[in-house]
Structures are given as C-alpha cells and as structure tokens.
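The structure under discussion appears below in the form of structure tokens.
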Amino acid sequence: MNSLPAEFQFSQSVLEDYATCARRFELRYLQRIKWPSVEAEPHLEHEKHLVLGERFHRLVQQYLVGVPANVLERTLNDPTLLDWWGRFKASGVKWVKDARYVEFELRTFINGAPLMAKIDLLAVGDDGTLTIVDWKTSHQRPSRKILEKRLQTHVYLFVLTEAAQALIGHAVNPEQVRMVYWFTAEPDNPEIFTYDADKLAVDRKLLADLLDKVRQRTHFPLTDDLRACAFCRYRSLCNRG
C-alpha cells in the first residue's frame, strides 16, 4: 500500500493529476514536494492566464453573493478581465437562479474514501433541477468529446447526485442534475451535460475503480505523454525540460 495521509480526500484535480502522470501524483500528494520548475516564457504566459482566471472567478463570486456590479467594476483595469466580465454580464448571468450556492465544497464517499467537488455555482430551479455551472477562461474551448471524458464532468455530476440531500434537505433523481461549462471564449455557446441513472451507475464504478487503484498502487511511473510535462512544476526534477 502507498502512504496516503489518513485525512486525504480525493477530488477532480487529484484524480486528474494521477490520470495525467502517476509520478506527478506521487510527488505532489505522497512526497508533498514543492518543486519550482525552471521559468520559461510560455510557462510565464500560462501562469499569467491562470492568475487572470482566478481573478475572474473571485469577481463572479463577489457579484453572486451581492456585491454591486458598479462597485466591482471600479477595481477592473486589465483589458482581458474587462472583456470577460462584459461577456459574463451579457450571457453568463442567465444561468444564475434565485436559489443558489456559490463557491462551495460538496463531499460523498466511495468505498470509504472521501470524494470532493469544489463547485463554482449551483443553481436550483423552481422545478427542482440542480445545475452546476463551471466558469472556464481557457484560450480555446475543448470539444464536447473531450469535456465528456474529463474526470471533472464525472466527479461533479456524481458527487452532487449522491450528496444533494445533505445540501438541500432531500434526495434527487439523477435526471434532475445537469452540468454547464460556460466559456469566456464562447459565452453564448455553453456545453451542457445531462445525467441519468445509467450514467450514475457507470460513474460509480469508474470512480470506485480509480480510487481503489490509486490507494493500492506502490509504483508511480512517469507519463509517456511528454505534452503533459510542458507546464508541470516537476518537469525539471524529472529531466523533462
């Protein structure tokens, strides 16, 4: 068995690290190494974009909890952030319902292991539907096929369906749950994923098998996909850039 801490909890980002590169998972979560990768210009641009994405998420969060838009706009001076904010006001706000939960964590358990989802927005409809909205600020919009395969899609829909009762006071049917990816790059064309009992059963097995595999593994090899190393903080440690 590996040496996962007793309080360790799984999440979409943890599982994606493992799926991308088992060695990255080992270095980050088992050995807990903070390794400063060698700075390179593409990496600096990538980091800048990530920081802007975090600022956008905070901006939307403040707006959704009641900070007036005109107050928030006084703090905006970056042209990219201003552009994203304008797109959100024009089309992103239509996903915001009166009953909503903003920037919160939801948990369930699989085979005794905690699985967590950190959700940007959960909108509760009058008809009982629960809509996860995830704000995406990536340069390019991934294809629906790629988004469908992402662990985030599987984890978020599964965790919400399983843990809804603890949040809203009653259980929900999988058919009441959906997930929306909203893109600053294409604000009028979000990607929407619905859910059902069959998908829930598939996700339960998929995630249970993956969590068991991670907990039982003792050898963590480097990925064969060198593209995954381009912006990895451990790439110099692994002699990959």
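The values are calculated or read from the model by the stated rules, or taken from the named source; none is laboratory data. In this text the structure is predicted, and so the values were computed from the model without any measurement. Note that each Cβ is placed from the backbone with ideal geometry, even for glycine, and that neighbours are counted across all protein chains shown. Side chains included, ligands, DNA and RNA excluded: accessible areas come from the protein's heavy atoms. Shrake-Rupley method; radii C 1.70, N 1.55, O 1.52, S 1.80 Å.
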Quiz item: Do we find that residue 240 is in contact with a Cys (Cβ under 6 Å, 6 or more places away or on another chain) and open to solvent by less than 70 Å² (accessible area, probe 1.4 Å) in this structure?
Solution: no
Quiz item: Just a yes or no: is a residue in the stretch 214-237 touching a helix residue (DSSP H, G or I) at 6+ places or on another chain (Cβ under 7 Å), under 30 Å from residue 129 (Cα atoms) and part of a helix (DSSP H, G or I)?
Solution: no
Exercise. Residues being open to solvent by 50 Å² or more (accessible area, probe 1.4 Å) and part of a helix (DSSP H, G or I): count how many of those fall in the stretch 133-175.
Key: 9
Practice problem: Write out, first by first residue and then by second, each pair whose Cβ atoms fall under 7 Å of each other, whose residues are 6+ apart or on separate chains, and whose first residue, in the stretch 145-158, is more than 11 Å from residue 11 (Cα to Cα) while the second is among the basic types (Lys, Arg) and open to solvent by 40 Å² or more (accessible area, probe 1.4 Å). | Solution: 158/204
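Among the listed residues 129, 137, identify the single one that is farther than 23 Å from residue 208 by Cα and over 17 Å from the mean Cα position of the chain (by Cα).
Details: 137 fails: over 17 Å from the mean Cα position of the chain (by Cα).
So the residue among 129, 137 that is farther than 23 Å from residue 208 by Cα and over 17 Å from the mean Cα position of the chain (by Cα) is 129.
Would you say residue 214 is over 30 Å from residue 86 (Cα atoms), among the β-branched types (Val, Ile, Thr) and open to solvent by 60 Å² or more (accessible area, probe 1.4 Å)?
On the way: over 30 Å from residue 86 (Cα atoms): yes; among the β-branched types (Val, Ile, Thr): yes; open to solvent by 60 Å² or more (accessible area, probe 1.4 Å): no.
Judged against the criteria, residue 214 is not a match.
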Self-check item: Given (1) among the acidic types (Asp, Glu); (2) in contact with a Leu (Cβ under 9 Å, 6 or more places away or on another chain); (3) in contact (Cβ under 8 Å) with a residue 40 or more places away in the chain, index of the condition residue 78 fails
Solution: (3)
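Can you tell me which residues in the stretch 5-23 are open to solvent by 40 Å² or more (accessible area, probe 1.4 Å) and either under 23 Å from residue 105 (Cβ atoms) or among the acidic types (Asp, Glu) (or both)? Working first, answer last.
Taking the stretch 5-23 and keeping what is open to solvent by 40 Å² or more (accessible area, probe 1.4 Å), we get 6-7, 9, 13, 16, 19-20, 23.
Selection gives 6, 7, 9, 13, 16, 19, 20.
Residues in the stretch 217-229: is at least one farther than 15 Å from residue 106 by Cβ and surrounded by 20 or more Cβ atoms within 10 Å (Cβ to Cβ)?
Yes, that holds for at least one residue.
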